[in-house]
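J.: Here it is, the structure in full.
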Amino acid sequence: MDMSLWFSSFLQILTPEVLMFNVFGVIVGVVIGALPGLSATMAIAILTPITFWFEPSCGFAMLIGVWNSAIFAGGISAVLINTPGTPASIASTFDGYQMYKQGRGGLALGINVIYSAIGGIISTLFLIFLSFPIANFTVTFGPTEYFMLALFGLTMMISVSENNIVKGMAVGFAGLTLSSVGIDPILAVKRFTLDSTSLIAGISFLPVMIGMFGIGEVLNQIYEYRKSQEKENLALIKQASNKLGRVVPTLKEFKQYLRPTIIAGAESTIIGAIPAAGGDIASIICWGQAKKMSKHSDEYGKGSAEGFAVSCTANNGVLGGALTTMLTLGIPGDAVTAILIGSLMMYGMQPGPKMFTEDASFVMQIMQLMLISNFFIVVLGLASAKMSAKILNAKPQTVWVAVTILCVVGSFALNNSFSDVLIMAVAGIVGFIFKRGGFAPGPFILGLLLGGMLESNLRRALVMSKGSLSIFIERPVTCVLLILIVLTLFYPLIRKSLFKKKGA
């Protein structure tokens, strides 16, 4: 790396104008990300045409700020109302909301800010120093590797089953079944669409997520609500809101979270570099792996600050990996980077290996803007952490109405389709039934999310091998993933056996 070019690029973005656009992007991203259903993809898509009127450095400063802060801000609603603001914050609901109910809301909001920024910084450092090796590695992925990656992600069903593996697996396979609705990926024929044009493209993941985690939670709270306890509940909410406690983790806690969060940052960066594998997949995989390796695994899902720090790190950890694939190969790592490719082409730049020679200065500016955005996230996020909890100082009825409106508006805004609102409503009822029956919604969402990737790549691989399963053990990457799958499935048994021997 040319250090003189690096410093000259850095001086070019250290101007009041560029920094102002970046701060504005961070603020907009926080607002969009905290609202369930209003994703970073939507924000980037809306703002991209506007940036055409600005200098490339200013326009991209705003887009990078929105992207980074929107992903982190999804954890705010995950902590306060148990509804992920963005798909990447699904795993944040596992521990964040429990921490809030336990009176550690301030710490949860602080961890969300700090470790989201840490994940973003770790992934950006990978982008800076290892962009070409990672991109060259992921470009070799074929159907077999993608199938194994999806299968590896599905093994996390065990980790998110809330101590009832049978129910978790049943719900997970229901999600897998639902993912087959739509057009067959190989034969291009309609499946299970009930002759409805709205289901031809399949069932969208986001409305289902919003319904299960948002409407499902509202219905469950209404069901459990007792009018005689209203004053007591309001007092508890106000007490939790007014006494959130400290926001910044102690030095001892930083040391405790150091190892799992660094691992999560590295893992999520690699996952982010793989096209179509986003923060939602990365956060669940990293959370599940950290739970299996932790000395306090029994606390995960019950308000574990360590588990929450891991999921927050993974949220933003995918961004640098996705940006690596986009810049070096011109391949979008996720929906946002697909839009960012269009933004660069709008500026007359073509993402790919040539960009590192023809527009090397601007590539470095993008990397530096990623670091600056995370700095502003920490400053603004910590300054407003306790203020964000004041929203729950209202009556429960007010909160239910507000959450329902946000869920409906967010679901409709995804594709401007009323069908998505209906899907969200049905998912909300199903989520309520899951809660009353003791079924964790996490495995269902995971199955729906990974089902398409699993099926399409399995069938493509079998077509390539003419039906032979040996293709899944012929390539080094698939063998490594297969070993990881086996270890993930049997590690709890192995660990339990080892502890018994140690105790004896």
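J.: Can you tell me how much longer the chain between residue 262 and residue 357 gets when fully stretched, taken as 0.36 nm per residue apart minus their C-alpha distance, in nm with one decimal?
T.: Contour length minus Cα-Cα distance gives 31.1 nm.
J.: Still on this model: In which sequence would 146, 225 go, from the one with the fewest C-beta neighbours within 10 Å to the one with the most?
T.: Numbers: 146 23, 225 13.
So the residues, fewest neighbours to most, are 225, 146.
J.: Can you check how the C-alpha radius of gyration of the range 50-95 compares to 2.2 N^0.38 Å, as a plain ratio? Write down the numbers at each step before the final one.
T.: On the way: Rg = 14.1 Å, N = 46, 2.2 N^0.38 = 9.4 Å.
Expressed relative to 2.2 N^0.38 Å, the Cα Rg reads 1.49.
J.: If you don't mind, there's one more thing I want to ask. Using Cβ counts within 10 Å as a stand-in for footprinting exposure, how do 293, 62 rank, fewest first?
T.: Final ranking by Cβ density, sparse to dense: 293, 62.
J.: Over the range 281-329, what relative contact order in percent results from Cα pairs under 8 Å that are six or more residues apart?
T.: 45
J.: Between residue 10 and residue 298, what is the label-point separation in nm under the 7 Å Cα-to-beta-carbon projection?
T.: 4.8
J.: Starting with the fewest neighbours, write out 430, 363 ranked by other beta-carbon atoms found within 10 Å of each beta-carbon.
T.: Details: 430 20, 363 24.
By the 10 Å Cβ count, ascending: 430, 363.
J.: Just to confirm a number: summing +1 for Lys and Arg and -1 for Asp and Glu over residues other than residue 111 whose beta-carbon lies under 12 angstrom from that of residue 111, what do you get?
T.: Cβ neighbours under 12 Å give a net charge of -1.
J.: Further question: Could you work out how much longer the chain between residue 196 and residue 470 gets when fully extended? Use 0.36 nm per residue separation minus the Cα distance between them, nm to one decimal.
T.: Roughly 94.7 nm would be gained on extension.
J.: For residue 432, what charge total do you get from the other residues with a beta carbon under 13 Å from its beta carbon, if Lys and Arg give +1 and Asp and Glu give -1?
T.: 0
J.: If R₀ is 56 angstrom, what is the calculated FRET efficiency for the pair residue 224 and residue 346, using the beta carbon separation as r and rounding to 0.05?
T.: In this case the efficiency is close to 0.65.
J.: Also, quick follow-up: Go through the range 414-482 and name the trypsin sites (Lys or Arg not before Pro) that are in a DSSP coil and have 14 or fewer other Cβ atoms within 10 Å of their Cβ.
T.: Hits after loop and neighbour filter: 466.
J.: So what's the gap between the Cα centers of the range 311-325 and the range 437-487, to the nearest angstrom?
T.: For the range 311-325 versus the range 437-487, the Cα centre distance is 22 Å.
J.: Let me ask you something else. Given a cut-off of 26 Å, name the pairs among 255/292; 190/435; 167/252; 252/292 whose C-alpha atoms lie farther apart than that in the structure shown. Numbers along the way, then the final one.
T.: Numbers: 255/292 19 Å; 190/435 32 Å; 167/252 37 Å; 252/292 22 Å.
As for pairs spanning more than 26 Å Cα to Cα, those are 190/435; 167/252.
J.: In whole angstrom, note down how far apart the Cα centers of the range 12-36 and the range 337-386 are.
T.: Their Cα centres are 12 Å away from one another.
Each value in this text was obtained by applying a stated rule to the coordinates, not by laboratory testing. This is a predicted model, so every value here is computed, not measured. Note: ideal-geometry Cβ built from the backbone for every residue, glycine included; neighbour counts use all protein chains shown.
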